[in-house]
Structures are given as structure tokens and as C-alpha cells.
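Q: Let me begin by handing over the structure; questions about it come next.
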Amino acid sequence: MIKSINEFKEQKVDAGKGVSIQVLISSDEAPHFAMRKFRIKKGGFMPYHTNSVEHEQYVLKGKAKVIIDKKEFIAKKDDRLFIPAGVPHSYKTIGDEDYEFLCLVPNKEDKIEIVKE
């Protein structure tokens, strides 16, 4: 099935600042993985947190300082990230544009916990 990304509502994410999500393929549509598109606006961030499921990500636009398990990286357009289940991670935009990425996760319950740094 093909749909334009413009058909999916962008929803605000309460954690962090300037973060939104579009669920492009939901767990109701696909048996194994869900696909989401995240946008972190210029000057925005997602706090240090864990998820109970792994994340596979592909950066579409922008740059961000990404901390994964206390190691700091700069992620930019066309980079891919793998974040294992239970590993703390965070994002903070860098530069003058939004940071956007696709995020694929297994269709399992995802428990999210904010971690104090």
C-alpha cells in the first residue's frame, strides 16, 4: 500500500522540546515492525531515556548531538543509528535546521523511561 507522508498527522511528543512524531506504518498495519518519522525542531531536544525495544534509525535531515550509552556522536543526514533495547540515549539539534529521522521498532510493547544523567 502506498500513501503520501502528507496524509499522516504530526503529533507533539510531550518529552523534550520541539519534538513531533508521524506514525507512518502502525503495529496494526504490519506484523513485525512499525515505522515512525520524528522531527526535532531547531533548538530542540529529546531527554536521556531508555526504551524496552531496539530502534533502527535513518537520518533524513539536519544534525544532532546524540548520546548513546554515555558516548557522544554527531548524527547527520544519511547516517543510520542502531540503539539496542534498554540503552539510554538522547538527542539535541545542532545548527540552523530541524533534525528529522525515520525510526523503525519491533511491534512489541515499548516502555519508555527518562534517565537522570
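Q: Collect the residues in region 86-109 that are within 14 Å of GLN57 (Cβ to Cβ) and not aromatic (Phe, Trp, Tyr), keeping them in residue-number order.
A: Passing the criteria: VAL87, HIS89, SER90, GLU100, LEU102, CYS103, LEU104, VAL105, PRO106.
Q: Further, regarding this structure: Kindly indicate which of VAL23, VAL19 is touching a Gly at 6+ places or on another chain (Cβ under 8 Å), hydrophobic (A, V, I, L, M, F, W, C) and under 15 Å from PHE101 (Cα atoms). Reasoning before the result, please.
A: Details: VAL23 fails: touching a Gly at 6+ places or on another chain (Cβ under 8 Å).
Result of the check over VAL23, VAL19: VAL19.
Q: Suppose the filter is in contact with a strand residue (DSSP E or B) (Cβ under 7 Å, 6 or more places away or on another chain), closer than 18 Å to ILE112 by Cβ, among the aromatic types (Phe, Trp, Tyr) and surrounded by 15 or more Cβ atoms within 10 Å (Cβ to Cβ); does PHE45 pass it?
A: Numbers: in contact with a strand residue (DSSP E or B) (Cβ under 7 Å, 6 or more places away or on another chain): yes; closer than 18 Å to ILE112 by Cβ: yes; among the aromatic types (Phe, Trp, Tyr): yes; surrounded by 15 or more Cβ atoms within 10 Å (Cβ to Cβ): yes.
Yes; evaluated as a whole, the condition is true for this residue.
Q: Okay, next question. What number of residues in region 95-117 are surrounded by fewer than 17 Cβ atoms within 10 Å (Cβ to Cβ) and not in a loop (DSSP other than H, G, I, E, B)?
A: Result for region 95-117: 5.
Q: Can you tell me which of (1) at pLDDT 95 or above; (2) within 14 Å of the chain's Cα centre (by Cα) is the one PHE8 doesn't meet?
A: With respect to (1) at pLDDT 95 or above; (2) within 14 Å of the chain's Cα centre (by Cα), PHE8 is out only on (2).
The values are calculated or read from the model by the stated rules, or taken from the named source; none is laboratory data. Computed from a predicted structure; not experimentally measured. Note: ideal-geometry Cβ built from the backbone for every residue, glycine included; neighbour counts use all protein chains shown.
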